[in-house]
Amino acid sequence: MKITMKHIFKSYDKAEVIRDLNLELEDQAFTTLLGPSGCGKTTILRMIAGLENPTGGEIFFDDVCVFSSEKKINVPPEKRNIGFVFQDFALWPHLSVFENVAFGLRARKDTADLEKRVMEALAAVQLSDFRNRYPSQLSGGQQQRVGFARAIVTKPDCILFDEPLSALDAILRDEMRVEIKRLTGEMGVTAVFVTHDQMEAMSMSDRIIVLNQGLIEQEGAPEDIYQKPATPFTAKFIGKSNWLGNQAMFRPEAASLKKTEGCRTYPAVVTGVQFLGENYQLFLDADGKQWTMESPEKYQTGTNVSVYINEDKIVTFQ
Amino acid sequence: MSKAINGKQRIVYFTIFVVLFALIILPVVTVFGEAVIVDGRFDFSNALQTIGDSENITTITNSLLLGFLVVIVSTVISTPLAFLLARTKFARWKWLDIVLMIPFMTPPYIASMGWILFMQKRGLFQQLFPWTGSFSENFFSLGGLVLAMTFNVFPFMTTMLKNAILNIGVNLEESAAVSGAGFFCRLRKVMLPLLTGNYAIAMLLVFVKVLSEYGTPSTLGNRIGFYVFTTDIHRYASTAPIDFGKASSLSSVLVLICMTMWLFQSYITSKHTYSLVGGKGKKESLYSCSRAAEIIGGVYIALIILVSVGVPYFSVLATSLIKLRGYGLAAGNFTFQHYVELFTKNSKGWEALLTSTTLAVVSATVASVLGTLIVVTIKKAGKWKKIIEGEGLLPEMLPNIVLVIGLMLFWNKIYDILPLYNTIGFMVLVYVVMFLPYTIQYVSSAYMQMGDSLVEAGTICGGSRFYVMRHVTLPLIMRGVMQGWMMIFIIVFRELVAASLISPPNVQTVSTFIVKEFEQGSASVAMAMALICVVITATLLIILNYAVGRKKY
Ligand SMILES: Nc1ncnc2c1ncn2[C@@H]1O[C@H](COP(=O)(O)OP(=O)(O)OP(=O)(O)O)[C@@H](O)[C@H]1O
Ligand SMILES: [Mg+2]
């Protein structure tokens, strides 16, 4: 299912949070909304879900209009057939794992093969053995999986994730990333994933939409966004950026301390070294600008070095 | 879901507003009206005359004096107790918290009757300690009244202070200790300044409670000729020559005083905003005490419990079992005959129990349903929510007797339209209005804990509003609803003020039965009933705690 938002405005009381947002989320793709805290990511998701009404604009699921301020259309959340995975899991504490997952089917009176379908969803998240537990008897990661099973059991056209991994520890987060990606891929649903963690965004997404203060800064494949940031904001927000003045930057990998043909050369002083395992991370001072790069060799602080930067990899902004 | 409030919702909110206005605000307004409107015109002279009347001046000064003294004595008793329960090893004895709630849960009129039976001439005290002569009769004085009331309300203050102390993380004290402050210096420089606001709030609330209290003044106060607001209002409203004008004038003054105190209280609460709720500061933290200090503390706690729980309950129990009071506490002078008499002599005892049970069940159920509906409906009501909540919670701030007077006057006036006055139905109505705040508070707090996302998750999963309400919201707030229901049941079951003012002719409740039997000299029968009443309510509380504790979430 393709989701289209046209000229969406949203304000709370007086404060305008989103203004004139146009957004297309492609069918069956894994799209991530990435942006700093407070930029309106949650608000956008909640408007897609119908939990929040835009002040103005239209939202389409494929060709069906689910919200339009002009035509006074507003399909309520329970009729939109979407899945939503909440940041705080939002499991119902009074229902067992099985009943939590079965809720959507029962609510829709779609109870044919209920047992089988619920168990399938639980099996997909590897929680078959936990069907009779209550949420309070599960670990954070298990709760998150129940939340996920609950979102997929009704076979929605689209699943919305609001920072689903932020309450988990680093190892669990990695595991869940892979699993979420795999399952949404297998199901062929449109997935919209909200995060402010750029690593998460880059590792999971088919497409990333970078947001800033309610506006789209840039959208594209993760590689494009990383290698060809369209604005200084994107360049700074995603990955490490080294600046050559205000309007030109390069990524750490574009630089080398070995003499290379066709490269620009800059003198710099090493101001700090960190051992990363495979490489050393160097902190450089290039005529007052602070850079960082990786190098296979260790340098002493205070060493004067020449930095060679691949001309093609320098990004300039006008 | 912050949808703009639409027309239909507005109508619903407005309807709730109007209903509560009629049930709560209008009766209160009627009280003031009755005080100052004479023959259809504003006339403050009557009200002023009533208030200026030397007898009433005495009443007012009596009330204020009593409130003041009880506040002082409660503070003196509660301060060491709160520290002992918060910062010494007694903090680990959780059952102490429950025992200390007993006096607070005991109907004041029953406790006072216990005290009277204990201290009176040839009472239990003199039988136990004959060598003290007539010493115990000194209890029948202002001092005794203050003590009886203090032993009833002090747990309230102790609990508030204890929680306040627990809220002050021990790290604040430890940092003071590291900076070289000794125990008393810490007490003076750290604890007391941080507790000032809590003290002020607790004292004001105790003061309001004492002014609004009817049970103890009506049993003990009337006996010693010490009249206060509530007893005078009650007398004007119930004993010939009935004078609602005077009752209303006094009620108005009482309300004004109480409201001022409440305002003052909320002002302090808002000013007193030390942010002490840092997550990490709250580990259990006890002073290390010397053995001697611990023993003194233990003795103190034991003494308080002995006096506040032991004396009244011993007295009630003993009296209910004594065969002939002339022979006192002697072997062979014990019998269950009064319990038997209660149910066999005539049908009055049974009927009273039945009436009170019915009243309690019906009132608690109606108030719970109504309160829950209101809370659930106004959840997203913006400014309407504030207004409606304010209305619904108002009865809690008013002395019960004033509320009853207001409802009596109001429903008397509209008797031609709605002839409810003087029926059991009217009693239910009064109790519903009086205890609606309980439901609203319990349910609101359950609702707050629930958070929005659980309901949102329900709608996303395809549940209609009604389905989500039934399968998510209601089960989750049910515990709050049940707690409210049980509290209302317990309190209505033995409520005295309303019962004594508005029971229809020939209808007795447990409380009016007890008071009547007591006044007519059948103290043993009265105490047998009192004990049954306490046992029933205590059993219910235990069941409730068990049921609530068993839930997995
Ligand atoms: N119910 C509300 N009432 C008023 N303002 C709100 C409300 N919800 C969100 N906002 C405001 O809207 C803006 C966007 O909020 P939103 O929750 O969408 O941010 P976000 O991008 O999800 O941030 P985060 O990464 O911190 O979750 C914020 O400035 C927030 O203060
Ligand atoms: Mg968010």
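Just so you know, all these numbers are worked out from the coordinates, no wet-lab data involved. Quick caveat, the model's predicted, so the values are computed rather than measured. Don't worry about glycine lacking a Cβ; one is built from the backbone with ideal geometry, like all the others, and counts go over all protein chains shown.
Simple spin-label estimate for B:Lys345 and A:Ala167 gives 6.2 nm between the two label positions (7 Å along the Cα-to-Cβ direction from each Cα).
If R0 equals 22 Å, the separation of the Cβ atoms of B:Val38 and B:Ile417 corresponds to a calculated FRET efficiency of about 0.40. Note on segment B:57-164: Rg/Rh from C-alpha atoms, Kirkwood Rh, equals 1.04. On the beta carbon distance between A:Val178 and A:Lys155, with R0 = 25 Å, the FRET formula returns roughly 0.70. Between the C-alpha center of segment A:3-48 and that of segment A:155-228 there is a gap of 15 Å. The ranking of B:Lys348, A:Lys259 from fewest to most other beta carbons within 10 Å of each one's beta carbon is A:Lys259, B:Lys348. Placing pseudo-labels 7 Å out from each Cα toward the beta carbon at A:Glu186 and B:Asn333 gives an inter-label distance of 8.5 nm.
Compute the Cα gyration tensor for segment A:240-316, then decide on rounded, prolate or oblate, letting a ≥ b ≥ c be the square roots of its eigenvalues: rounded whenever a/c is under 1.5, prolate when a/b is larger than b/c in the other cases, and oblate in all that remain. It comes out prolate by the Cα gyration axes. Working from Cα positions, state the angle (0 to 90°, nearest 10) between the long axis of helix A:97-107 and the longest principal axis of chain A. The angle comes out at about 60 degrees.
Taken as Cα centroids, segment B:100-127 and segment A:252-287 sit 87 Å apart, rounded to the nearest whole angstrom. Using a cutoff of 8 angstrom between alpha carbon atoms and counting only pairs six or more residues apart, the relative contact order for segment A:240-316 works out to 41 percent. By its C-alpha gyration tensor, with a ≥ b ≥ c as the square roots of the eigenvalues, how is chain B shaped: rounded for a/c under 1.5, else prolate for a/b larger than b/c, else oblate? Because its axes are fairly even, with a/c under 1.5, chain B counts as rounded.
A simple spin-label model places the labels of B:Lys323 and B:Val29 6.3 nm from each other, with each point 7 Å out along Cα-to-Cβ. Estimated purely from DSSP H runs of n ≥ 4, each contributing -39500 (n - 2.57), the mean residue ellipticity at 222 nm for chain B is -23000 deg cm²/dmol once divided by its residues. The ranking of B:Trp95, A:Trp92, A:Trp243, B:Trp350 by Cβ neighbour count inside 10 Å, starting from the fewest, reads B:Trp95, B:Trp350, A:Trp243, A:Trp92. Compared with the dominant Cα axis of chain A, that is its longest principal axis, helix A:170-187 is turned about 60°. Of the residues B:Ser347, B:Ser356, the one with the fewest other Cβ atoms within 10 Å heads the list, and the complete ranking is B:Ser347, B:Ser356.
Please work out the Kirkwood hydrodynamic radius for segment B:1-105, using every pair of different C-alpha atoms, and report it in angstroms with one decimal place.
With all distinct Cα pairs of segment B:1-105 included, I get 19.8 Å.
The value of relative contact order for segment A:21-170, using C-alpha pairs under 8 Å at least six residues apart, is 27 percent. Counting Lys and Arg as +1 and Asp and Glu as -1 over every other residue whose Cβ lies under 14 Å from the Cβ of B:Pro399, the net charge comes to -3. The count of lysine pairs in segment A:3-227 that are at least 8 places apart or cross chains, and whose C-alpha atoms lie under 22 Å apart, stands at 18.
In whole angstrom, note down how far apart the Cα centers of segment B:236-269 and segment B:1-73 are. Value for the Cα centre distance between the two parts: 8 Å.
For chain A, build the charge dipole from Cβ charges (+1 Lys, Arg; -1 Asp, Glu) around the Cα centre, then report which of A:Asn304, A:Thr42, A:Ile171 sits farthest towards its positive end. Positive-most Cα among the choices belongs to A:Thr42.
If you plug the beta carbon distance of A:Ala29 and A:Ile73 into 1/(1 + (r/R0)^6) with R0 = 25 Å, you get a FRET efficiency near 0.50.
Comparing segment A:3-227 with the 2.2 N^0.38 Å rule of thumb, its C-alpha radius of gyration ratio is 1.01 (two decimals). Does the protein assembly as shown come out rounded, prolate or oblate, given a ≥ b ≥ c as the square roots of the eigenvalues of its C-alpha gyration tensor, rounded meaning a/c under 1.5 and, failing that, prolate meaning a/b above b/c? Prolate, because a/c is 1.5 or more and a/b exceeds b/c. For chain B, the relative contact order works out to 20 percent when only alpha carbon pairs closer than 8 Å and six or more residues apart are counted. Only helical runs count toward this figure. For chain A, summing -39,500 (n - 2.57) over DSSP H runs of n ≥ 4 and dividing by all residues gives -7500 deg cm²/dmol at 222 nm.
Farthest towards the positive end of the charge dipole of the protein assembly as shown, among the residues B:Val299, A:Val75, B:Tyr13, is the Cα of B:Val299, using unit charges on the Cβ of Lys, Arg, Asp and Glu. Its Cα centre serving as origin, chain B has a Cβ charge dipole (Lys and Arg +1, Asp and Glu -1) of approximately 1860 debye.
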